[in-house]
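The values are calculated or read from the model by the stated rules, or taken from the named source; none is laboratory data. Note that the structure is predicted; figures quoted are calculated from it, not measured. Cβ sites come from the backbone with ideal geometry, for glycine too, and all protein chains shown count toward neighbours. Accessible surface is based on the protein model in full, side chains and every heavy atom, while ligands, DNA and RNA are left aside. Shrake-Rupley method; radii C 1.70, N 1.55, O 1.52, S 1.80 Å.
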Amino acid sequence: MSIKKWMLPEGVEEALPPTSWELEDLRRKLLDGFRKRGYELILPPLIEHLDALLTGTAQDLDARTFKFTDPASGRLLGLRSDMTPQAARIAARRFGDQAVVRLCYLGTVLRAQPDALGGPRSPRQVGCEIFGEAGIAADLEVIDLMLRTLRGAGLKKAHLDLGHVGIYRAVSAKLALDPDDEAVLFDILQRKSQPDLAEFAQARSLKPRVVKVFAELMELNGDVTVLQRARETLKAAGPAVQAALDTLDQVVRKLRAESPKLPIHVDLAELRGYSYHTGIVFAAFAPGHGREIARGGRYDGVGAEFGVARPATGFSADLNELLRLAQ
């Protein structure tokens, strides 16, 4: 007689004792810490109207979002695949009269596709967002919270990766590429493939001086001395690039002053979240673990679709993964 095996879908996991208790203890610890720092807890719904989940900067989540029709209204609904767009909606609609809003959240999200091959499809997402502050003080606050979150989970040796999508945006804007070519160039930079860049440039008759900037951009990664090299290498790239380098330099100096031993890596061709981030981007990595364990960045202009456009910055991580790595 065959035995029926009840298997969970690929990428979906459940927590049982003692892990479930450890997750709950960590949840309480992190949320208490956010509360002490002045962050308000939000508990968004698991489902929303699809157009609200994918509005504005959240459009890149389309492929990761489960969709279905609401029997009650006939409208398309979606299961949240990221809580950040929900936080942006809540900040705009519920806290629109406040100049600065600090929100935190923790809950399960569901994804039709994982972020990376073999990644989870039901993370327990934890994060913090600041709406209404445009200066680097907000970015530094969020980075500090991210690192405190990792330490609170027991991860003491994480290192920080920094980038700035404004550099690539400023350089690529001069090419006036169509969306398809823009996507190809973006992929080439993420893979840091010099041969593919040369082939791409030749096929589209790009000017050698512009191609040279992209080629140099691929090589600008390493420790914080990369920023000084970048100032010389990208001198002719324009004021927007220099302004982005200034921002990164200020952030590094502040981080160094607060945490002299924090390992910092700079990658000017790192474009995580390029479709919605507008400035500095950051991620944390753990030794021996290939994927980022937390990430974030600036995404100014969020909330415009809801009537309150303002600067924003934040981070998120997967509570399941943090606990797993700390054990």
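Looking at 181, 161, 196, which is the one that is within 30 Å of residue 325 (Cα to Cα) and surrounded by 13 or more Cβ atoms within 10 Å (Cβ to Cβ)?
Numbers: 181 fails: within 30 Å of residue 325 (Cα to Cα); 196 fails: within 30 Å of residue 325 (Cα to Cα).
One residue alone meets the criteria, 161.
Does segment 193-211 include one or more residues that are in a helix (DSSP H, G or I) and within 21 Å of residue 279 (Cα to Cα)?
Applying the first criterion (in a helix (DSSP H, G or I)) to segment 193-211 yields 194-203, 208-211.
With within 21 Å of residue 279 (Cα to Cα) added as a condition, the list becomes none.
For segment 193-211, residues in a helix (DSSP H, G or I) and within 21 Å of residue 279 (Cα to Cα): absent.
Failed condition for residue 218, given (1) within 30 Å of residue 128 (Cβ to Cβ); (2) free of Cβ contacts under 8 Å to residues at least 60 places away in the same chain; (3) crowded, with 16+ Cβ neighbours inside 10 Å; (4) not small (Gly, Ala, Ser), with all others met?
Status for residue 218: all satisfied but (1).
Please go through segment 136-162 and give me each residue that is among the small types (Gly, Ala, Ser) and at pLDDT below 95, ordered by number.
Looking only at segment 136-162, we keep the residues that are among the small types (Gly, Ala, Ser), and these are 137-138, 152-154, 158.
Answer for segment 136-162, where residues must be among the small types (Gly, Ala, Ser) and at pLDDT below 95: just 158.
Condition first: within 18 Å of residue 145 (Cα to Cα), outside any loop (DSSP other than H, G, I, E, B), touching a Lys or Arg at 6+ places or on another chain (Cβ under 8 Å) and open to solvent by less than 20 Å² (accessible area, probe 1.4 Å). Now tell me which residues in segment 265-302 satisfy that.
280, 281, 282, 283, 284, 297, listed by residue number.
Which of the residues spanning segment 231-264 are farther than 24 Å from residue 183 by Cα, among the small types (Gly, Ala, Ser) and either assigned to a loop (DSSP other than H, G, I, E, B) or open to solvent by less than 10 Å² (accessible area, probe 1.4 Å) (or both)?
Result: 259, single match.
Going through segment 113-134 one residue at a time, which ones are at pLDDT 95 or above and open to solvent by less than 40 Å² (accessible area, probe 1.4 Å)? Spell out how you get there, then give the answer.
Going through segment 113-134, the residues at pLDDT 95 or above turn out to be 121-134.
The answer is 122, 123, 125, 126, 127, 128, 129, 130, 131, 132.
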